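Laboratory data are not the source of any read-out in this text; all were calculated from the coordinates shown. Quick caveat: nothing in here was measured; it's all calculated off a predicted structure. Backbone-built Cβ (ideal geometry, glycine too); neighbour counts: all protein chains shown.
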Amino acid sequence: FTFDFPEEVEARTRLDNRPLTPHEEKTNAYIRFSQVSEEVQQAVAERRPVVALESTIYTHGLPYPDNLALASRLESLVRVNGGVPATIGILEGVARVGLGADELTRLVSSSGARKVSRRDLGFACGMTGIDGKGLNGGTTVSGTMILAHKAGIRIFATGGLGGVHRGAEQTMDVSADLTELGRTPVAVISSGCKSFLDIPKTLEYLETQGVAVATFADGRESNVDFPAFWSRDSGVRSPAVVRDEAEAARVIYAHVSLGLQSGLHFANPIPERYSIPHIQMETTIAQALREAETAGAIGAASTPYILAKIKDLTGSKSVEANKALVEANVIRGTKVAVALQKLEM
Ligand code: PSU
Ligand code: MN
């Protein structure tokens, strides 16, 4: 049987990529919860290399307008390397894949944007603020993966992954990024995870979840560590290595062709000249963790609090390193997307 909708509603349904609810069918009132930009839709349809970018690093990581500068820089890095960027976030209650320049500015300059992981998506899109408008939100790795996958995007580049927190055997604080990687077939390129987390437990958890984890070898033959964000070393051996972007693309191609529904993580060690030795970061991290505990920053507030403390303690050094590594990850991610497109042609 066929639905008989007004043309406009039909067009919007296609954009939103979801069937109408019975209520919407009956009333013809259509609520739009998500929207993929024309450019991204077209690029996905033409199988061009699209790279997803998250927005929590802007809403919860950097002040305005530094965050906007980084956001535009990352998008242009995707473009000059032959890809199409898709910055993802929640703007006025709509989950957007491919935010335009004005929309990006509105999101990253807004105060009170939420941090949106899988559990928060329904709230962020379903509730209204006291001003009666929809909410704004920066999507985390998990939130971004879900929306990227819905839009048909397979590559996503960012700074760092959430993980299993130290003391998780007491608090059970395990980032939703890890379970998302277990259930959503998107490849995330990042600089591993920060060592305020428990890296061995994080890798164990990813294995349990069936997540493919490899580190870019960069010419090293053996003893490659899983990187710890600011540090190329972590004292923990990476479960696997890939030589270059082409090899990463072949792994993704095989993984997806086998019908695996889990995700992949390719760790890209921070560029050498920005790397801060693991041992050196430990003192700073220990202090940040103590202060987080004193302040009672737990749950979703924990990661942003610890990150802000580390930023205070290390000053511009860690911020510069942070920007350098996310740029390197975006370039790498785009090259993987380009290599994947070649395999599929
Ligand atoms: N790690 C970083 N930088 C970040 C984050 C993690 O080095 O900005 C952000 C990402 O958006 C990540 C989220 O998905 O924090 C994880 O938060 P939690 O630990 O609450 O799951
Ligand atoms: Mn958590």
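Remarks
- So VAL141, is it closer than 25 Å to LEU62 by Cβ, touching a helix residue (DSSP H, G or I) at 6+ places or on another chain (Cβ under 6 Å) and within 16 Å of ligand 2 (Cβ to nearest atom): yes
- Breaking point among (1) under 23 Å from GLY167 (Cβ atoms); (2) out of contact with any strand residue (DSSP E or B) (no Cβ under 7 Å at 6 or more places or on another chain); (3) within 12 Å of ligand 1 (Cβ to nearest atom); (4) of a type outside the set (D, E, K, R), for ALA300: (2)
- Total residues in the range 160-170 satisfying the condition of being touching a residue at least 24 places away in the same chain (Cβ under 8 Å), surrounded by fewer than 19 Cβ atoms within 10 Å (Cβ to Cβ) and either in a helix (DSSP H, G or I) or within 9 Å of ligand 1 (Cβ to nearest atom) (or both): the figure is 1.
- Taken as a whole, the condition of being under 18 Å from the mean Cα position of the chain (by Cα), free of Cβ contacts under 8 Å to residues at least 60 places away in the same chain, within 26 Å of VAL50 (Cα to Cα) and more than 16 Å from ligand 2 (Cβ to nearest atom) applies to THR215.
- Residue within the range 147-154 that is in a loop (DSSP other than H, G, I, E, B), of a type in the set (Val, Ile, Thr) and surrounded by 24 or more Cβ atoms within 10 Å (Cβ to Cβ) present: yes
- Selected residue (only one of ASP173, ASP120 is within 16 Å of the chain's Cα centre (by Cα) and either of a type in the set (Val, Ile, Thr) or within 12 Å of ligand 1 (Cβ to nearest atom) (or both)): ASP120
- Evaluating VAL336 against the criteria (1) closer than 30 Å to GLN170 by Cβ; (2) in contact with a helix residue (DSSP H, G or I) (Cβ under 6 Å, 6 or more places away or on another chain); (3) surrounded by 20 or more Cβ atoms within 10 Å (Cβ to Cβ) leaves one unmet condition, (1).
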